[in-house]
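*Asks:* Please find one structure pasted underneath; my questions will follow.
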Amino acid sequence: MKKIATISIISIFLLSGVWWWTHSHQEKIDFNTQVRPILNKNCLACHGGVKQQSGLSFLFIEESFSPAKSGKTAIVPGNVRKSEMIHRITSDDPEIIMPPDKPPLSEKEIETLKLWVRQGAKFDSHWAYKSPKLESENASIDFFVERKLTEEGLSFSEKASRSTLLRRVSLDLTGLPPTYEEAQAFLTDQSDLAYEKLVDRLLQSPHFGEKWAAMWLDLARYADSQGYQKDLLRKEIWRYRDWLIHAFNNDLPFDQFTIEQLAGDLLEAPTDDQILATAFHRNTMTNDEGGTDDEEYRVAAVIDRVNTTFEVWQGTTIACVQCHSHPYDPIRHQEYYELYAYFNNTADADFSSDIPKTLLFSPPQRTHREQLQLELEEIGDSLSIEYQQKMKDFIAVQPGQVQIMKELPPDSSRVTRIFERGNWLAHGDTVFADTPDFLPASQYGRDRLGLAKWLVDGNNPLTSRVIVNRFWEQIFGNGIVYTLEDFGTQGRKPTHPKLLDYLAIKFQDDYQWSVKDLLKEIVMSQTYQQSSKITEEFYKKDRYNYLLARGPRYRLSAEAIRDQALTISGLLNRDVYGPSVMPPQPDGVWNVIRHVGSWQTDQGGDQHRRGIYTFWRRVSPYPSMMTFDVPSREVCVSRRIRTNTPLQAMVTLNDPVFVEAAEHLAVRMREEGGEKIEDQINYGYFLALMKEPDEIKHHELVDLYHKTNGSMELVANVILNLDEVIMMH
Amino acid sequence: MTLKEEYNQRIHSSMKRRAFLRSTSLGLGGIALSGLLTGFKVNPYLPKAKRVIFLHMAGAPSQLELFDYKPALQELDGKPCPDSLLKGKRFAFIQGVPDMLGPQFSFSRHGQTGTWVSELLPHFSKVVDDVCFLKAMHTDEFNHAPAQLFMHTGGPRLGRPAMGSWVTYGLGSLNQNLPGFVVLVSGESAPSGGKSLWGSGFLPSEYQGVELRSKGDPVLYVNNPEGVTRDLRKKTIDAINNINRQEYQEAGDPEILARIKQYELAFKMQMTVPEATDIDSEPEYIHKLYGTEPGKVSFANNCLLARRLAERDVRFIQLYHRGWDSHGSNEFESLHGGFLERVKEVDQAMSALVIDLKQRGLLEDTLVVWGGEFGRTPMQENRGGVSNKFKGRDHHGEAFTMWMTGAGIKTGMTYGETDEIGYAGVKDRIHIHDLQATILQQLGIDHEKLTYHFQGRDFRLTDVHGHVVKDIIT
């Protein structure tokens, strides 16, 4: 008996010792990584943004610290016993236990919550809503990537071959592979600075802007038509696209780039270019179907502007807040309409003419015109042939009526009311323009200009991170935050948070929002220059290359696949800027809508312009590019989902554009590749990949040549269809 | 494969596939077309339908001239519309007080069921016992593009996946060598909603509907360029794949293996697509049954093609026939003009499709759905406040008729009822989301479970609505 008692006492002593040990040595509970996931998974469906049962929400901090409708308080910091939440999740009573009708929380989850309450129930805002912090002065991309690799027992891959690097960086910075001459120039340059010189040349190329505008056009939901039923054509809107290309080419600082697109019209004495930039938000759709209510579709356009602005600059998906408070992020229903109020005061109203419009030159048109004017003045003699010729050129540069943003005068401004459950006919309380509370308050005016300035104010924790992440994804195929469009609690966490912060700070502070500086740092890094070879170890440990132990590898974009085939074959028309063009597409594809427009295939070289200039009709985008995953541009799209289908093979094998490219490549191979068939074939392969094929590949191609009775066209067709050509690597 | 086998396979692989889809961007392309028959979140019930044929009458045919017989409306013909039908309502074109418009054609009873059908449908009158009429359909939208989008994507605006995309995303494809979601378009041009009606929205683009065209290449770029024979194509594809295999040895990327597979599939499709679309090869009695004329762009040809695709286990076959918008504003858009033409174009062919599917046993597991995006008003359309020159009706979302058959849908049945003049449903109304839920249910999918995470929330075809119409299911 005594023995048992002794054992009991010892046990109690031991147990409490264990208790003391575990609790005092327990690391501090971190709200974001340990508590928030439990709440999101188990509680927010009923106590979140949409439903706030019993008046309780865990999204808005103050609500869980004060008594709910029951009179009980969910969380009493430091006091587990008084916290109703703990009582509910640990109860045996089926009437009381939370969550109802679901498996109870695990022991571990309960312990975590208890400990968290005991430690004072400290809430912490989501990582993305806190300002980025610089970890170290000596940081670099490679520093952060390598540190993580070491943690995971990996290390950098070897450097990619010069040929691979040349092709990679050319496609990345300009969307085009190098020409034969450019390739030779780099491959024979043995200096240490050869690569940097190459990068600098590419950054200065006029094709740089074309590549990066292509990314922005998906975000701007740019198209050459209005959308909806009739999908009337917008034949002058290409000037906005040219504004974009021009802006990237001239490295317009990203803060200015933002302000001009969102509110160029509200700047003091805005230039024509700044007005033109506002066409960004006039890319919303216009519904010209008979019998539709213009106000309904004006509202739809304003809603689209709110959603697009927040997706593009804040990586925040707030479409759901149109109808109710955000289910997982702390954004209230009312706050959506406060943002709506910023955009609710423009003169456009779903008119089928797309007014208001302004007569504008594109920036390159304007410069060209000014140049011609100078030349005319220099010639002086207005009767000379030279003058007459120049005059013709001068007259040929015509402005167009482009739809732009225009604020209504103060005496006719609109009142903004909350739409109950998102229904535009059910008006609730009146609200005024304001930024949401989960982000730093705005110090600026309550108009679009103020909103734009607030976005690029150094205090906004999201903008720089979100934008840097977009550029990163274009280069590496994955974002540091995989969900480019969602930095909220439902989006993925950054794979390298410190790296993201480092780049965000560097972009906005050191580089003063220079996109070219940012891109240069990325492509100069060791991380970027690695070989993309996938070993078995990589595949097991990091199939999708989130850790970056190897170089990027992904399928090229629709535009790049087209542009590359035209470049390799020598067909590419390198003209920069200008109206949209119509390359060949099969008959009948555009037979979508009665009486509106027809596809008239361009001749004389315009059919060989880069993909970015292809006329983009929303109800029927260019079919071969659709097959390679371009969006229809009806709404903002941050990420194209890459697929791999047999229909893509049919495009690169049989589409007349690719057939013509193969034929021309064959001619080049014969004419420029030397005497011997073997050399000609190697030359064709070199044009595509900047290197000679290995022996096996070489034999396969030569074999095909002989098996097809000497068809160089089919050999060229094969080259343009190779995985290594279709892929970035 | 029987439905039961398919079901068992789905159950087994559903969890695997789900995990796979979430985690991978690699090799996804194979799934839709490779017949990896793997279910998504499956119903605890055995599916009844393996495939769907949806006959969409774009532009919205008048139910009052075809199926919804309203003698009382005849008595009101020409009289001003009562205020109660106008107050608080929104119409596309009607302004002020329009006149009522009686049924323009006579009706009689047909079949064992004695179903009232218009004189305009001599062929369809013979199959009334084989279908289920839904007389009290209703929708939220009363303009074409939004209403068509609503019908096919569950939302009135652009950007959501089509029903066929959802279905192939959820169930995969049954045929290795044909697309899982095929679209056939006839009539003067494509429907108002454009290609978004069969777009994959935020789902990967491999799930978008593939249009089989009546003229030119049936699938874009399926045919080799001039001078390239099948043998030469075989040699080029072999060369591509051999070099890609070598590249795989060097680069180690499994995506390369997926690409090799896609080129093999493309080569197969170059055979199977022309073969499947070759309606010429059908016997004479079949052409007579459908009223087909090979070489033309017609609804009849597309109905026959739909049957051939159903035989080849294409999962979702979507037909559009356009030109039903009978406002009365011109002859083409009037009940005695264009409307009559459209009825002639569809009557024989859609009846033939039901007969033909039935005689081949395909109706057992093929769900057929027919209807427009909304209905027409019992009032005559009067844009600008004046009655139109021709007889016609305005858009009307509150009541219209659809029919369904096959794959466990009760036949010889009329479900739902409208009021005396066919203005609104008074009994057993079915909303578009209910229809969608029911179609998915027959395919063995719980419409609340088939979701996709996009822009921060889980989307589904039926948004946050929809109830399965259990009364019409056997």
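Only the coordinates and a few stated rules stand behind these numbers; no lab work does. Bear in mind the structure is a predicted one, so any value in this text is a computation, not a measurement. Virtual Cβ from ideal backbone geometry, glycine too; neighbours counted across all protein chains shown.
*Asks:* Within 10 Å of each Cβ in A:578-589, how many Cβ atoms from other chains are there, averaged over the peptide?
*Replies:* Across the residues of A:578-589, the mean count of other-chain Cβ atoms within 10 Å is 2.
*Asks:* When Cβ neighbours within 10 Å are restricted to other protein chains, what is their mean count per residue of peptide A:631-641?
*Replies:* Across the residues of A:631-641, the mean count of other-chain Cβ atoms within 10 Å is 4.
*Asks:* Let me ask something else about it. How would the range A:356-510 be classified by its alpha-carbon gyration tensor: rounded, prolate or oblate, with rounded meaning a/c under 1.5 and the a/b versus b/c comparison settling the rest?
*Replies:* Oblate shape, in that a/c is at least 1.5 and b/c is the bigger or equal ratio.
*Asks:* Starting from the Cα gyration tensor of the range A:654-728, take the square roots of the eigenvalues, sort them a ≥ b ≥ c, and report rounded, prolate or oblate (rounded when a/c is under 1.5, otherwise prolate if a/b is larger than b/c, else oblate).
*Replies:* rounded
*Asks:* Separate question: List, in order, the whole-Hz ³J(HN,Hα) value for each residue of the range A:571-579 obtained from phi through the Karplus relation with A = 6.51, B = -1.76, C = 1.60 and θ = phi - 60°; use x for Gly and Pro.
*Replies:* In residue order, the calculated couplings are 8, 4, 8, 8, 4, 9, 6, x, x Hz.
*Asks:* Hey, got the average number of other protein chain Cβ atoms within 10 angstrom for residues in A:709-715?
*Replies:* For peptide A:709-715, the averaged partner shielding equals 3.
*Asks:* Follow-up. Using modelled backbone amide H atoms (1.01 Å from N, in-plane), which distant-in-sequence or interchain residues come within less than 5 Å of B:Thr401's amide H?
*Replies:* B:Gln63
*Asks:* Name the residue farthest towards the positive end of the dipole of the range A:30-119 from the options A:Leu105, A:His47, A:Asn32, assuming +1 on Cβ of Lys and Arg, -1 on Cβ of Asp and Glu, about the Cα centre.
*Replies:* With unit charges placed on the Cβ atoms, the residue in question is A:Asn32.
*Asks:* Say R0 is 41 Å: what FRET efficiency, to the nearest 0.05, do A:Leu383 and A:Glu181 get from their beta-carbon distance?
*Replies:* Computed FRET efficiency for A:Leu383 and A:Glu181 comes out at 0.45.
*Asks:* So, one more: What are the ³J(HN,Hα) values, in whole Hz, obtained from phi via the Karplus relation 6.51 cos²θ - 1.76 cosθ + 1.60 with θ = phi - 60°, for each residue of the range B:370-384 in sequence order, with x given for Gly and Pro?
*Replies:* 3J(HN,Hα) across the range B:370-384, in whole Hz: 10, x, x, 8, 7, x, 10, 6, x, 9, 7, 5, 9, 4, x.
*Asks:* Once both labels are modelled 7 Å past Cα along the beta-carbon direction, what's the B:His467-B:Ser84 spacing in nm?
*Replies:* So the two model labels end up 2.5 nm from each other.
*Asks:* Here's a follow-up. Where a ≥ b ≥ c are the square roots of the eigenvalues of the C-alpha gyration tensor, would you call the range A:30-119 rounded, which needs a/c under 1.5, or, failing that, prolate if a/b is larger than b/c, or oblate?
*Replies:* Note, shape of the range A:30-119 comes out rounded.
*Asks:* What net charge do the residues around A:Leu171 carry, taking every other residue with its C-beta under 10 Å from that of A:Leu171, with Lys and Arg at +1 and Asp and Glu at -1?
*Replies:* Cβ neighbours under 10 Å give a net charge of +1.
*Asks:* Now for a different question. If one takes the longest principal axis of the Cα atoms in chain B, at what angle in degrees, from 0 to 90 and to the nearest 10, does the Cα axis of helix B:230-251 lie?
*Replies:* Once rounded, the angle reads 60 degrees.
*Asks:* Here is a follow-up. Residue by residue through the range A:85-98, which ³J(HN,Hα) values in whole Hz follow from phi under the Karplus form 6.51 cos²θ - 1.76 cosθ + 1.60 (θ = phi - 60°), with glycine and proline marked x?
*Replies:* With the stated coefficients, the range A:85-98 comes to 4, 5, 4, 5, 7, 10, 5, 8, 6, x, 6, 9, 4, 10 Hz.
*Asks:* Compute the signed sum of charges (Lys and Arg +1, Asp and Glu -1) over the other residues within less than 12 Å, Cβ to Cβ, of A:Leu376.
*Replies:* The answer is -4.
*Asks:* Still on this model: Calculate the length of the line joining the C-alpha centroid of the range A:682-729 to that of the range B:402-418, in whole Å.
*Replies:* Here the two parts' Cα centres lie 59 Å apart.
*Asks:* For an R0 of 25 angstrom, estimate the FRET efficiency from the Cβ-Cβ distance between A:Arg201 and A:Thr367 and round to the nearest 0.05.
*Replies:* Rounded to the nearest 0.05, the efficiency is 0.70.
*Asks:* Under the definition of Cα pairs under 8 Å and six or more residues apart, what whole-number percent is the relative contact order of chain B?
*Replies:* Value for chain B: 27 percent.
*Asks:* Further, regarding this structure: I need B:Phe299, A:Phe351, B:Phe390 ordered by Cβ neighbour count within 10 Å, fewest first.
*Replies:* The most exposed by this proxy come first: A:Phe351, B:Phe390, B:Phe299.
*Asks:* Report the local net charge at A:Ser136: Lys and Arg +1, Asp and Glu -1, summed over other residues whose C-beta lies under 12 Å from its C-beta.
*Replies:* Counting the neighbours of A:Ser136, the net charge comes to 0.
*Asks:* Shifting gears a bit: What is the distance in Å between the Cα centres of the range B:430-474 and the range A:260-301?
*Replies:* For the range B:430-474 versus the range A:260-301, the Cα centre distance is 36 Å.
*Asks:* Suppose R0 equals 56 Å. What FRET efficiency, 1/(1 + (r/R0)^6) with r the Cβ-Cβ distance, do A:His699 and A:Glu268 give to the nearest 0.05?
*Replies:* The value I calculate is 0.25.
*Asks:* Relative to the first principal axis of the alpha-carbon coordinates of chain A, what is the inclination of helix A:162-174, with its axis defined by its Cα atoms, in degrees from 0 to 90 and to the nearest 10?
*Replies:* The two axes meet at around 80 degrees.
*Asks:* Give the average over all directions of the projected area of the C-alpha convex hull of the range B:221-274, one decimal, in nm².
*Replies:* 3.8
*Asks:* Relative contact order (percent) for chain A, with alpha-carbon contacts under 8 angstrom and 6 or more residues of separation?
*Replies:* Taking the mean separation of contacting Cα pairs over the length of chain A, I get 15 percent.
*Asks:* Using the alpha-carbon atoms, what tilt in degrees (0 to 90, nearest 10) does helix B:338-359 show relative to the longest principal axis of chain B?
*Replies:* 50
*Asks:* Along its three principal axes, how long is the protein assembly as shown when you only count alpha carbons? Whole Å, largest extent first please.
*Replies:* Principal axes ranked by extent give 108, 90, 70 Å for the Cα atoms.
*Asks:* Using Cα pairs closer than 8 Å and at least 6 residues apart in sequence, work out the relative contact order for the range A:385-507, in percent.
*Replies:* Rounded, it is 12 percent for the range A:385-507.
*Asks:* Also, I was wondering about something else. Fewest first, what order do A:His427, A:His126 take by the number of other Cβ atoms within 10 Å?
*Replies:* A:His427, A:His126
*Asks:* Based only on other Cβ atoms within 10 Å, what is the fewest-to-most ordering of A:Trp590, A:Trp243, B:Trp166, B:Trp116?
*Replies:* In increasing order of surrounding Cβ atoms, one gets B:Trp116, A:Trp590, A:Trp243, B:Trp166.
*Asks:* Follow-up question, since we're still on this one. Rank-order B:258-264, A:672-678, A:704-710 by packing density, defined as the average count of other C-beta atoms within 10 Å over each peptide's residues, highest first.
*Replies:* B:258-264, A:704-710, A:672-678
*Asks:* Return the distance in nm (one decimal) between the two label points of a simple spin-label model at B:Gln112 and A:Ala347, each offset 7 Å from Cα along Cα→Cβ.
*Replies:* For B:Gln112 paired with A:Ala347, the spin-label model returns 7.0 nm.
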